[in-house]
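The values are calculated or read from the model by the stated rules, or taken from the named source; none is laboratory data. This structure is a prediction, so every number in the text was calculated from the model and none was measured. As a convention, Cβ positions derive from the backbone with ideal geometry for all residues, glycine included, and neighbour counts pool all protein chains shown. Each accessible area value is taken on the protein alone, full model and side chains, heavy atoms only, with ligands, DNA and RNA left out. Shrake-Rupley method; radii C 1.70, N 1.55, O 1.52, S 1.80 Å.
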Amino acid sequence: MKDKFYAYIQNLQNQITSKLEAIDGVAKFREDIWERPEGGGGRTRVIENGTVFEKGGVNISAVHGKLPDSMQKLFNVGEADFFACGLSLVIHPKSPLVPTVHANWRYFEMYNDNGEVINSWFGGGQDLTPYYLFEEDAIHFHQTCKTACDNHNPEFYPKYKNNVMLIFGTHTEMKRVE
């Protein structure tokens, strides 16, 4: 699963950055490839000073190694190895009429001494932060989230809309998409 998800977020990063460059029309993403000494690395992309976007980042990472002590305590386990990958984005438009966008999607695996997966999960969420709330934006955002969830299981959206970051405006707006 980890290879499949990492390939997915690499492709997703490419799609998002190319579409944002096309929307902006001027600014281009700068890329920085980095390595984590303990294992893995990532690809950071930043856009700034465009016609549409003041600043934004669309970043991916895939890291692995020994599970840190803090996570051992959190998971109530001894020494273990892990793999984690994800895509993170923050987009700040120039216009206050356009909401700021934030999202993080992650995949995590933990392994026993034999290298077998003993725990894994997907996590994350997304939100829009409006400076001026336009009801049609809130409805569109939540309908898009609901459609994506419904493609997998129609119970996901009602279950997760109150438990993860599917936030736009107030709770009242969140309930508009049923």
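Observations, loosely collected:
- Set of lysines with alpha-carbon distance to residue 4 below 27 Å, sequence-local pairs under 8 removed: 19, 66, 146, 159, 161
- Alpha carbon centroid spacing (whole Å) that separates the stretch 121-138 from the stretch 59-80: 29
- Helix-only arithmetic for the chain: the sum of -39500 (n - 2.57) across DSSP H runs with n ≥ 4, divided by the residue total, places the mean residue ellipticity at 222 nm at -9500 deg cm²/dmol.
- Rounded to the nearest 20, the Cβ-based charge dipole of the chain about its Cα centre (Lys and Arg +1, Asp and Glu -1) stands at 220 debye.
- Shape category assigned to the chain from the gyration tensor of Cα positions, a/c cut at 1.5: oblate
- The string of couplings for the stretch 58-66 from the Karplus curve (6.51, -1.76, 1.60, θ = phi - 60°) is 10, 10, 10, 8, 9, 10, 8, x, 6 Hz, one whole number per residue in order, with x for Gly and Pro.
- Note that the stretch 112-153 presents 68 Å² accessible area per residue, ligands and nucleic acids not counted, probe 1.4 Å.
- Selection from 84, 64, 95 lying farthest towards where the dipole of the chain points positive, charges on Cβ: 95
- Amide H contacts under 5 Å for residue 53: 94, restricted to partners 5 or more places along the chain or on a different chain, H placed in the peptide plane at 1.01 Å from N.
- Spin-label pair residue 81/residue 132, simplified geometry with 7 Å Cα→Cβ offset, distance in nm: 5.5
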